[in-house]
Amino acid sequence: MIQAFRYELDPTRPEEECLRRHAGVARFAYNWALERCRKTGTTIPAVALHREWNRWKRTNAPWWEEVSKCAPQEAFRNLASAWARHRHGLARPPRFHRRGVRDSFRLTGSLSVGDRCVRLPRIGEVRTKESTEKFRGRILSATVRREADRWFVSLSVDRERPDPVPVVGPGVGVDLGLSSFAVFSDGGRLESPKALASDLRRLRHRSRLHSRKELGSASRARSARSLARLHYRIRCRRRDFLHKATTELARTKSAVVVEDLAVKNLVRNRHLSRAISDAGWSEFRRMWEYKTVGHGSRLVVAPRNFASSKTCSACGNVKETLSLAERVYRCEACGAEMDRDLNAARNLASLVAGSSPETVNAGGADVRPVLADGQTVGKPESVLISMYGRTASAASS
Ligand SMILES: [Zn+2]
């Protein structure tokens, strides 16, 4: 399975200079390619872009020989997948990368991890702030990222791991709610942390102050640095929150059912748009996917046309309309009354009801991964993560 190891780097001045240069070239190449795509009105494949880039570079920027060729190459790949996500309706079209915003680049090739250090092509050995003792596996790629004034490397590794023991217990439906961050079909709720909310308030305030500072002044530079640190802290808190939320469910529930959020209008939800969409729904989804697999649970994504909000979870009656203002679901057919989000969560949970490990296995479940673009056709039970099916059959034999 693919796993990531993330370390904070402790680069020397010249090393940091080199990291900055790589990030700069990656950003430039991305924007260069995006401009080309916009001009021609087509999405040019990464390979073609790289070929063109090499020609362009020879005449326009030969000094970039010192930067690993991976940096622009991977930037083109990123652009290609950004277009793909857009085509599938999962994201807005790619935009130009701004200097200093999310500086990052990805490298492949001869990468290795030593004692408290990481070896990167062209850059060399860079010390890490943390111990690398627990590192295992074969490195596929390294993404280097600057956050505020720190540098991090995230190593994607291919790693053999024993199949997890499937979680025994009920499945749970999760509705990313309107009033709470998430509502579970068993009645539980998850609120986004207060600390995060107060940080966001502070961020709004400080951004306002920042925008009033005179361009080019020392105080503006100072406030930019402090703003970047605040952004960094918010990212850490958000990530921490998402990690805790996803781990807990993956460890204790046999299945986690979520809505296909590509179709959910994220902006309508204040909590979501703050706490999630900034970080990207894909990040949340990615966490669910690898954690459910890693813990012997499974992630089920409801089909796009599944009416989780309008259906009555008690009798199955489907409402014609349901306005956002209706916080309580009232069924005209059976008279049931319950919280709107809870109703939706219960409907999601019903997608896995009765599919305990035995029945899934006995039925010879159609085991296949959730498609990257989130499109899932057919009965929802068939949308399983592959690991689960294997584990179930191994356990029963
Ligand atoms: Zn009803």
Task: Residue-wise HN-Hα coupling along the range 131-146, computed from phi with Karplus coefficients 6.51, -1.76, 1.60 (Hz; x: Gly, Pro) - done: 5, 9, 3, 7, 5, 9, x, 9, 7, 9, 7, 10, 10, 9, 9, 9
Open item on the list: Report the Cα-based extents of the range 2-158 along its three principal axes, largest first, to the nearest Å.
Closed with: 48, 37, 28
TODO: Return the sequence-ordered ³J(HN,Hα) values of the range 71-87 in whole Hz as given by the Karplus equation 6.51 cos²θ - 1.76 cosθ + 1.60 applied to θ = phi - 60°, using x for Gly and Pro.
DONE: 3, x, 4, 6, 4, 5, 5, 4, 5, 4, 6, 5, 5, 4, 4, 5, 4
- [ ] Within the range 96-154, report the GluC sites (Glu not before Pro) that DSSP leaves as loop and that have at most 14 other Cβ atoms within 10 Å.
- [x] Glu130, Glu133
TODO: Go through the range 155-166 residue by residue and turn each phi into a ³J(HN,Hα) via Karplus (6.51, -1.76, 1.60, θ = phi - 60°); whole Hz please, and just put x for glycine and proline.
DONE: 9, 8, 10, 9, 9, 7, 9, x, 4, x, 6, x
Open item on the list: Give me, ordered by chain and number, the residues 5 or more places off Gly171 or on other chains with an amide H under 5 Å from its own placed amide H.
Closed with: Ser254, Ala255
Open item on the list: If you filter the range 77-131 for chymotrypsin sites (Phe, Trp or Tyr not before Pro), then keep DSSP loop positions with at most 16 other Cβ within 10 Å, what is left?
Closed with: Phe96
Task: Three principal axis lengths of the range 5-76 [C-alpha, angstrom, descending] - done: 42, 30, 16
Task: Span from the the range 139-155 Cα centroid across to the the range 54-124 one, whole angstrom - done: 12 Å
TODO: Mind checking which aspartates and glutamates have their Cα closer than 16 Å to the Cα of Lys194? Skip sequence neighbours fewer than 8 apart in that chain.
DONE: Asp240
Task: Relative contact order, percent, the range 2-158 [alpha-carbon distance under 8 Å, six or more residues apart] - done: 34 percent
Open item on the list: Taking the alpha-carbon distance from Lys129 and a cut-off under 13 Å, which aspartates and glutamates remain once sequence neighbours fewer than 8 residues away in the same chain are dropped?
Closed with: Glu8, Asp10, Asp115
Task: Long-range HN-HN contacts of Asp103 with modeled amide H, under 5 Å - done: Arg146
- [ ] For Asn317, list long-range residues whose amide hydrogen, built 1.01 Å from N in the peptide plane, is under 5 Å from its own amide hydrogen.
- [x] Cys312
- [ ] Determine the distance separating the Cα centre of the range 194-214 from the Cα centre of the range 14-41; give it in Å without decimals.
- [x] 29 Å
Task: Those lysines that a straight Cα-Cα span of less than 22 Å connects to Lys253, excepting residues fewer than 8 apart in one chain - done: Lys244, Lys291, Lys379
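Bear in mind that the values in this text are calculations on the coordinates, not laboratory data. Worth saying up front: this structure is predicted, and the values here are computed from it rather than measured. Heads up, the Cβs are rebuilt from the backbone with ideal geometry, glycines too, and the neighbour counts pull from every protein chain shown.
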